[in-house]
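The values are calculated or read from the model by the stated rules, or taken from the named source; none is laboratory data. All values reported here derive from a predicted model rather than from experimental measurement. Don't worry about glycine lacking a Cβ; one is built from the backbone with ideal geometry, like all the others, and counts go over all protein chains shown.
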Amino acid sequence: MVVSNRMQKTIVVRIRRLVRHPKYSRVMEQTSAFKAHDETNTANVGDMVKIMETRPLSKEKRWRLVEVLKRASTAPPVPGGEELQDAARVKKAPEAASAEPVSG
């Protein structure tokens, strides 16, 4: 997943993997960060990308972008948006009883 695209023609890709500790058998999360060459600046933060190893392009850049597998959503989440959608569903629900008064 792309975590940074602030540099020109360079993205930072973070790889997350789970490994088991050899002695304690605890499953731990390990991450690695790779700087990859993005010639056209197409990748954005949050995108899932495919990279491949290449010749050294700079001091730290040894990878290049092959393709963008999945784009991140561009709209930021609205705070409290789920509550507003639930309230809208309740208001749109049909009324079970009619509005006629009951005489007795």
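Quick look at the values:
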{"quantity": "Complete set of residues in region 56-77 that are part of a loop (DSSP other than H, G, I, E, B), loosely packed, with under 10 Cβ neighbours inside 10 Å and modelled with pLDDT under 95", "calculated": "S73, T74, A75, P76, P77"}
{"quantity": "From the options E83, E95, residue that is outside any loop (DSSP other than H, G, I, E, B), at pLDDT below 60 and farther than 30 Å from V2 by Cα", "calculated": "E83"}
{"quantity": "Any hit, region 21-35, residues being under 17 Å from R71 (Cβ atoms) and surrounded by fewer than 15 Cβ atoms within 10 Å (Cβ to Cβ)", "calculated": "no"}
{"quantity": "Residue list for region 44-55, filter: in contact with an Asp or Glu (Cβ under 8 Å, 6 or more places away or on another chain) and surrounded by 12 or more Cβ atoms within 10 Å (Cβ to Cβ)", "calculated": "V49"}
{"quantity": "Wholly within region 1-48, strands (runs of 3 or more DSSP E) carrying at least 1 residues that are of a type in the set (V, I, T), modelled with pLDDT of 95 or more and more than 17 Å from the chain's Cα centre (by Cα)", "calculated": "10-20, 27-37"}
